[in-house]
């Protein structure tokens, strides 16, 4: 029994070492060129305001900012019926946001929205060819998604987190671009893992180690990463990205 227990303990330690701590890059990930997009403590690098639709790129608003006369469109209305979002509790989240913006906060190393209204959290930087990994936890009847190559407004590729999307773009699909060949389920109220690859016109989605979609589409060539808050609860952590160099 003792040799067996020792081998089990060694296996567990090796497994823990492979995955590392939350919101931290392992030495292997650093060597492979991964970067951490969420530090587990702040919203640095992210913005919940509605993106300006008049241009692309992180410098667009500063270089010829939009005129006040035309407001940016809202990205989401009030939380879905029955959402019952929890109140915001941090100073950052309770601060006022621009019209159409939503409230997000970091608690215990987890990124999550709070209070009304629904909306998006958007990276301040654009990306093109990449591999994005993110852990998410949500309820059984959630409505959420992870966007890549999102240039403005509601555009971009939305990797769905919703089991009952009316048009059939359910979990593991990319809305408007490709549907899964069968039903793929996330595990409610537990941490799930998405790996999303965009390489040229090829888009690949892997949920909890299972490939759900592998398609070709050239609608969007680059843009920002966005997390959707349409129905509470939804939480994210371990947001990591590796750019694909050609």
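None of the figures in this text is laboratory data; all of them are computed from the coordinates on show. Treat the numbers as computed from the prediction; the structure is a model and nothing was measured. Reconstructed Cβ throughout: ideal geometry from the backbone, glycine too, with neighbour counts over all protein chains shown.
Things to note:
- Relative contact order of segment 92-192, defined on C-alpha pairs under 8 angstrom at six or more residues apart (%): 18 percent
- Among 220-232, 23-35, 195-207, the order from most to least packed when residues are scored by Cβ within 10 Å on average: 220-232, 195-207, 23-35
- Convex hull of segment 103-246 built on C-alpha atoms - directionally averaged projected area, nm²: 8.2 nm²
- Separation in nanometres of the label points that stand 7 Å from Cα toward Cβ, at residue 182 and residue 204: 2.0 nm
- Stretch gain in nm, segment residue 91-residue 107, where the contour uses 0.36 nm per residue and the Cα spacing is subtracted: 4.6 nm
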